[in-house]
Amino acid sequence: MAASLASCVHCGMCIESCHYVLSNPGDPTFAPVYKADQIRKIFKRHYDWTGRVIPWWVKAKSVFTDEELEELKDVVFGKCTNCRRCSINCPMGVDYATFNRMARGLLVHNGIMPEGVAAVSKDQWEIGNQMGVLKEDYLETLEWMEEELQSELENPDIKIPIDKIDCDVVYSINPREVKYDPRTIADAAKIFHYAGENWTMPSEGWDMTNFGLFSGDDELGGAVARRLFEKTEDLKGKKLVISECGHGYRSTRCEGPNWAGMDIPFEMESSVNTMLRYIKEGRIKVDKSRNTDPVTFHDSCNNARSCGLFEEPRELLNLVCTDFREMYPNRSENYCCTGGGGAMSMSEYTNQRLKSAKVKAEQLKDTEAKFVVTSCHNCVDGLTDVIRHYKLDMKVTQLVNLVSNALVIEEEVAMPPVVEVPEPAVHEWLVGRKILVTDDEPDFVIFISTLLEDNGATVFRAHDGDQAIEIAKTEKPDLLTLDITMPGKSGAEIFDYFRDDPELKSIPICIITGKPELRKLIYEHPSAPPDGYLDKPITEEGLLLNIRKIFEVGHHEKAKSGN
Ligand code: SF4
Ligand code: SF4
């Protein structure tokens, strides 16, 4: 760290490495060397003799005012995703991203950080995972996916084992999978089952992500890693497999043991290596002709640049897809998805993030692929935002989805060939449901209403809280979607009103907000938290999945009946 802070010769070779610079030509404040100097000047003022003796000469300067602290916050959180692309292109070996993380940690310890960073860190400290997924929701989702798999494959033997002792594999996941993408859990379970794996998932300590990597808070990093390691030890697991997540892999396998101060008695590997091993060892068979769409691969910065995991996903892709094409540059030279470093949780920088994604959008577009595959849940969200913002004709998927789709199930030999079943035009579970959409943004109301109506629901629209209460009393909807920040009564007040009103309290509520810091509702209503919770921007798939989960799992109903 000290060498990185002291050895910059201002050659400028890092400048063109940064996607912020490439997407914002003419703005020198995005240059890595400029950003690094905002941290370096404080180091010089306090630790370097030149900075103490001749501060004006070496531009050494401490921070004194709240404004200066805010400016520093905007540099270290808002203008860098800690992707480390500039670091690998520095001839002096200056690792800017690493001391940028250190500067984040110093600010966090002084209570200065974007609100989203505070909210997510609090969730991970207090609830045990960074999306505030409650234990019962997690277990219900696993149960739900197990039932889906059993019925889809007509095989009652497929299980998602929980807390099994002495397993060869303990499988840890990203809370995003529970909340937005449970299909990845089902796909992994299908692969483990047909590989004949002796595996389990933990009931607690299952989150392999670690917001400490993004916030620079080593204490949080250590606490989170310790939970996962101790649970794996309790289960006597022989190997901890980490599902596809770049920062989860880096923070669990590479940084976690140091933060936690533990010697780890079991192996750790990415699920990418696990799936590749199963194919090489003949434990599963795959048929690549089931994945014929052109695909490209996005290297997550943490997996590729920081952990060297870039050949294995390509080997796997070539085994399960017929048309894999590289994007350029790639591997350790790939550009960040632009959602890295916790950027997806910092809503105040969204416009700047998307503007700075121009270079990423061009890189994706040039491949002419229909799918971009990535082994990182954070990149899935970052890339989805880029694709939507730049209107690219492309979707994001992960290796687990492709391997699952290509999996040849021996018992099915006599069955007709597997053909992709198109999604029904209408989601039958939505037909006839009455949904009250409440949001003060007219465009957002139109977006949600159209989507739900196209899928068979009857939608009522409210643009403020009073309207929502009035409509709910007359129409008795099956679900309320609720924005939090609205003029007049806030969403939080409406939420309380619904939960307290005997006539309305049985209506499930799905919060949809652009303010992740308002997750505190989960804490304030431990006995009746929201039935669903989505951060804006939302996707069609994410919205439908969450609403379906509310109707099918019926958590709020169960909570009320005491089941
Ligand atoms: S490439 Fe390295 S030495 Fe050159 S300006 Fe950037 S950080 Fe400094
Ligand atoms: S770490 Fe990445 S985002 Fe940050 S300055 Fe370097 S290249 Fe830019």
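The mean sequence separation of alpha-carbon pairs under 8 Å and at least six residues apart, normalised by the residue count of the chain, gives a relative contact order of 12 percent.
Longer than 21 Å from Cα to Cα, which of Lys41/Lys79; Lys164/Lys231; Lys434/Lys515 are they? Say none if no pair is.
Values: Lys41/Lys79 18 Å; Lys164/Lys231 11 Å; Lys434/Lys515 26 Å.
Distance filter (> 21 Å) returns Lys434/Lys515.
What shape does segment 144-213 take by its C-alpha gyration tensor, where a ≥ b ≥ c are the square roots of the eigenvalues and a/c under 1.5 counts as rounded, a/b above b/c as prolate, and the rest as oblate?
Taking the square roots of the gyration eigenvalues as a ≥ b ≥ c, segment 144-213 is oblate.
The residues neighbouring Pro257, those whose beta-carbon lies less than 13 Å from its own, together hold a net charge of -3 under the Lys/Arg +1, Asp/Glu -1 convention. Listed by chain and number, the aspartates and glutamates whose alpha-carbon sits under 15 Å from that of Lys238, ignoring those within fewer than 8 places in the same chain, are Asp163, Asp166, Asp168, Glu197, Glu230, Asp263, Glu267, Glu269. Each peptide in 167-175, 304-312 gets a packing score, the mean of other Cβ atoms within 10 Å over its residues, and the list from highest to lowest is 167-175, 304-312.
Computed over segment 438-490, relative contact order equals 45 percent, with contacts defined as Cα pairs under 8 Å that lie 6+ residues apart. Using the Cβ atoms and a cut-off under 11 Å, what net charge is assigned to the surroundings of Lys549, where Lys and Arg are +1 and Asp and Glu are -1? Residues close to Lys549 contribute a combined charge of -2. Within the chain, antiparallel bridges make up roughly 5 percent of the DSSP beta bridges whose residues both belong there. Classified by the C-alpha gyration tensor, segment 441-482 has an oblate form. Its axis ratio a/c, with a ≥ b ≥ c, is 1.5 or above, and a/b does not exceed b/c. Cross-link partners for Lys288 among the lysines, with Cα-Cα distance under 23 Å and sequence neighbours closer than 8 places in the same chain left out: Lys190, Lys280, Lys370, Lys395.
Name the shape class, rounded, prolate or oblate, that the alpha-carbon gyration tensor gives for the chain, where a ≥ b ≥ c are the square roots of its eigenvalues, rounded holds for a/c under 1.5, and otherwise prolate holds if a/b is larger than b/c and oblate otherwise. Since a/c reaches 1.5 but b/c is at least a/b, the shape of the chain is classed as oblate.
Throughout, read-outs are computed from the coordinates displayed, never taken from laboratory work. Treat the numbers as computed from the prediction; the structure is a model and nothing was measured. Counting neighbours? That spans all protein chains shown, and the Cβs are built from the backbone with ideal geometry, glycine included.
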